[in-house]
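There's a structure below that I have some questions on.
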Amino acid sequence: MKSIGLLCLLLLGLGGCSSGTWGWYVIDPTTKSGWVNIKFLISGMGDTILISIIAAAISIVLGLIVALPGQSSKRGWRIVNRVYVEFIRSIPLLPMLFWVFYGLPIIFKSMGLNIPIDPFWGAIITLAVSDSAFTAEIYRSGIQSIAKGQKEAAQTIGLNYAQTMRYVILPQAIRRILPPLANQFIYIVKMSAFASVIGMQELTRRANELVVTEYRPLEIYSLLIVEYLILVLVISAGVRWLERRMGSDERL
Amino acid sequence: MSKTAIELVDVNKWFGSFHVLKNINLTVDTGEKVVICGPSGSGKSTVVRCINRLEEHQKGTIRLDGRELTNDPKSIASIQGEIGMVFQQFNLFPHLSVLENLILGPMKARGQSRADAVEKARHYLARVRIPDQADKMPGQLSGGQQQRVAIARSLCMEPKVMLFDEPTSALDPEMISEVLDVMVELALDGMTMVVVTHEMGFARKVADKIVFMDEGEIVEHAAPDMFFSQPKSERCRTFLGQILQH
């Protein structure tokens, strides 16, 4: 995976050498202005990571809260789960972002609440809620994949529903849902680029701003893609490490 | 001594339109050992699963120690904690060590301290003759060992009654006797037991009463010598002929 990334960089670099279409000077670390530009672009990394991590953390909790009623024996609870999942996952991210950022404050105001929504929390709420519908479905498949006998055995040693979930079902389910959850995290990182349109100073926004002043979209967006690529590769490596560690506990 | 531990009166159950249990009447006294046998699909596992409410019966009454089984979740939880259950597929928790499997119920359902729970777990592990495997994961044990851990896990809840649902059916032949030995010991200690099994040697040795089921009905129940020497019904004779001929 890493070699593919390097290869891409190399190809872009070679392209720069061989023709006049490229103007790498704009992000040339050996020149003063190029270095300033690079630092400006990379400085968005912190917010991209922060937004993604907080949104993912909320989504993991929210997804579980949404998933559990879906497992209920009562029809009403299952309907609540289905309606949430179907409704939320049908909304495209960008309209939801606009609705949360521009629309939600109006609702708050009409309710007499003074809750401002800044780009940071607007992006996090949107990403988390949008993703939670998918996370809930991942939990559902994970919980359903645990054999019925596990729940029954937990019942026969007197555990109640919450204890059965916490000590028996979820610890086993979490190992199975880690790969798809990691996928969702990567999805959040990439979708956080939309936060740029409500003025969040993350990676994509920085790139957009620099393009406006430097008129070098090809080079700047190329670097932007490489930034996301590196971010995702690092996450993937982290997840593989985590999977190996958790998998080795089970020894089945 | 002959206090009634379990009482089933006219118990009926349907899976959809399929009538699995038909007017089941059964009494198990404290300290009594009842073996339930019969062809597969005869409803014998379902009887056991109704007793500890893993399945719900639709008609009739089930009483445990005189208390009727109802839909009240609290009563179900307390009953399930008092009745030990051993499954065909062991159903150990694969992500927990043997010791953690044993102490989970006593600590979380009964609120016992870790030290007490561990002490009791080690006691019962010794009793099922695997005192040295406490820190292993279930997947590292043989089938026979896993089933004995499952028995110990149930015993840690100090149940009044132990239910066994074909405890040796998933085991390799050479491991069956190590599990049966533990069950015989348990029986000799006076535990009230209801055992669904095809192990007729075990039935002959420990059962006070053998119940033969077919097509959701109790066809016959008798003391072991009568059951084996003079089965009354044709269905029972056929069944015994099939499982005892080898």
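The values are calculated or read from the model by the stated rules, or taken from the named source; none is laboratory data. All figures in this text were calculated on a predicted structure; none of them were measured in a lab. Here Cβ is always computed from backbone atoms with ideal geometry, including for glycine, and neighbour counts include all displayed protein chains. Heads up: the accessible areas ignore ligands, DNA and RNA and are worked out on the full protein's heavy atoms, side chains in. Shrake-Rupley method; radii C 1.70, N 1.55, O 1.52, S 1.80 Å.
Give me the percent relative contact order of chain A, please, defined on Cα pairs under 8 angstrom at least 6 residues apart.
27 percent
While we're here: If r is the Cβ-Cβ distance from B:Thr27 to A:Glu86 and R0 is 51 Å, what FRET efficiency results, to the nearest 0.05? Could you put the intermediate results ahead of the total?
Details: r = 52 Å, r/R0 = 1.01.
The calculated FRET efficiency here is 0.50.
Grab the beta carbon distance between B:Lys136 and B:Leu188, set R0 = 25 Å, and tell me the FRET efficiency rounded to 0.05. Kindly include the intermediate steps, with their values, before the conclusion.
Working: r = 28 Å, r/R0 = 1.12.
Calculated value: 0.35.
Right, here's the next one. Helix A:203-214 sits at what angle to the longest principal axis of chain A, using alpha carbons and giving 0 to 90 degrees rounded to 10?
Value to nearest ten degrees: 20.
I've got another one for you. Which of the peptides B:27-33, A:99-105 is most tightly packed, and how do the rest follow, judged by the mean count of other Cβ atoms within 10 Å per residue? Please list the in-between numbers first.
Details: B:27-33: 19.4, A:99-105: 16.1.
For the peptides B:27-33, A:99-105, the packing ranking is B:27-33, A:99-105.
Follow-up. What's the local net charge at A:Met96, with K and R +1, D and E -1, over the other residues with C-beta under 12 Å away?
Numbers: positive: A:Arg89; negative: A:Asp131.
Value of the local net charge: 0.
Enumerate the amide H contacts of B:Asn91 below 5 Å, restricted to partners 5 or more residues apart or on another chain; note that Pro and chain-start residues carry no placed amide H.
none
Also, I was wondering about something else. Charges at C-beta only: +1 for Lys and Arg, -1 for Asp and Glu. How large is the resulting dipole of the range A:81-211 about its Cα centre, in Debye rounded to 20?
Details: 12 positive and 7 negative charges, 76 e Å.
Its charge dipole is roughly 360 debye.
I would also like to ask the following. For peptide A:157-168, compute the average count of partner chain beta-carbon atoms within 10 Å of each residue's beta-carbon.
Values: counts 18, 15, 7, 7, 2, 1, 5, 1, 0, 1, 8, 6.
Counting other chains' Cβ atoms within 10 Å and averaging over A:157-168 gives 6.
I need the trypsin sites (Lys or Arg not before Pro) found in the range B:97-147, filtered to DSSP loop residues with at most 15 other beta carbons within 10 Å of theirs. Could the numbers behind the result be given before it?
On the way: sites: B:Lys108, B:Arg110, B:Arg114, B:Lys120, B:Arg122, B:Arg127, B:Arg129, B:Lys136; in loops: B:Arg110, B:Arg129, B:Lys136.
Those that pass, being in a loop and sparsely packed, are B:Arg110, B:Arg129.
Sticking with this structure for a sec: Between A:Asn208 and B:His19, what is the spin-label point distance in nm, taking each point 7 Å from the Cα along the Cα→C-beta axis?
7.2 nm
Which whole number gives the average, over all residues in B:145-157, of C-beta atoms from other chains lying within 10 Å of the residue C-beta? Write down the numbers at each step before the final one.
Values: counts 0, 0, 0, 0, 0, 2, 0, 0, 3, 3, 0, 1, 3.
Mean partner shielding for this stretch: 1.
A further question follows. Report in % the part of the accessible area of the range B:54-202 that belongs to carbon and sulfur, leaving out ligands and nucleic acids; probe 1.4 Å.
The C+S portion of the solvent-accessible surface of the range B:54-202 is 46 percent.
Something else about it: Working out 0.36 nm times the residue gap between B:His198 and B:Ser40, then minus their Cα-Cα distance, what length gain in nm do you get to one decimal? Walk me through the numbers before you get to the answer.
Numbers: separation 158, 0.36 × 158 = 56.88 nm, distance 1.01 nm.
Contour length minus the Cα-Cα distance gives 55.9 nm.
Round to the nearest 10 and give me the degree value, 0 to 90, for the angle of helix A:45-70's Cα axis relative to the longest principal axis of chain A.
20 degrees
Other chains near B:69-76: what is the mean number of their Cβ atoms within 10 Å of each residue's Cβ?
Working: counts 0, 0, 0, 0, 2, 1, 0, 2.
Neighbouring Cβ atoms belonging to other protein chains average 1 per residue here.
Let me ask you something else. Taking the solvent-accessible surface of protein heavy atoms with a 1.4 Å probe, what is the per residue accessible area of chain B in Å²?
Working: 10470 Å² over 246 residues.
That works out to 43 Å² per residue.
Quick check: the angle from helix A:119-144's long axis to the longest principal axis of chain A, C-alpha only, nearest 10 degrees?
Roughly 40 degrees between the two axes.
What does the charge dipole of chain B about its Cα centre add up to, to the nearest 20 debye, if the Cβ of each Lys and Arg holds +1 and the Cβ of each Asp and Glu holds -1? Write out the running numbers ahead of the final one.
On the way: 28 positive and 32 negative charges, 77 e Å.
Rounded to the nearest 20 debye, it is 360 debye.
Using the Cα centre of the protein assembly as shown as origin and beta-carbon charges of +1 (Lys, Arg) and -1 (Asp, Glu), tell me which of A:Met165, A:Val80, A:Ile146 is placed farthest towards the positive end of the dipole.
Of the candidates, A:Val80 comes out farthest on the positive side.
In addition: For B:Ile243, what charge total do you get from the other residues with a beta carbon under 12 Å from its beta carbon, if Lys and Arg give +1 and Asp and Glu give -1?
Once positives and negatives cancel, what remains is 0.
In nm, to one decimal, how far is the modelled label at A:Ala162 from the one at B:Arg237, with both set 7 Å along Cα→Cβ?
6.0 nm
With every protein chain present, what accessible area does B:Ser17 have (1.4 Å probe, heavy atoms only), rounded to the nearest 10 Å²?
120 Å²
Same structure, new question: Among all helices in chain B defined by DSSP H, which have a length of 27 Å or more along the axis from Cα atoms plus a Kyte-Doolittle mean of at least 1.0? Provide the component values of the computation, followed by the final result.
On the way: long enough: none.
Within chain B not a single helix satisfies the rule.
Among DSSP beta bridges lying fully in chain B, give the percent that are antiparallel, nearest 5.
55 percent
Additional query: What total accessible area, in Å², is buried where chains A and B meet, using a 1.4 Å probe and rounding to the nearest 100?
On the way: alone 14580 and 11440 Å², together 24050 Å².
Result for this pair: about 2000 Å² buried.
Note down the nm distance, to one decimal, between modelled labels 7 Å out along Cα→Cβ at B:Asp116 and at A:Arg176.
3.5 nm
Between B:Lys205 and A:Arg240, what's the calculated FRET efficiency when r is the beta-carbon distance and R0 is 45 Å? Round to 0.05.
Efficiency, from the Cβ-Cβ distance: 0.25.
Heavy atoms only, probe 1.4 Å: what % of the accessible area of the range A:94-252 goes to carbon and sulfur, would you let me know?
The C+S portion of the solvent-accessible surface of the range A:94-252 is 66 percent.
Skip the ligands, DNA and RNA, and give the accessible area per residue of the range A:171-215 with a 1.4 Å probe, whole Å².
Working: 1890 Å² over 45 residues.
With the other protein chains kept in place, the range A:171-215 gives 42 Å² per residue.
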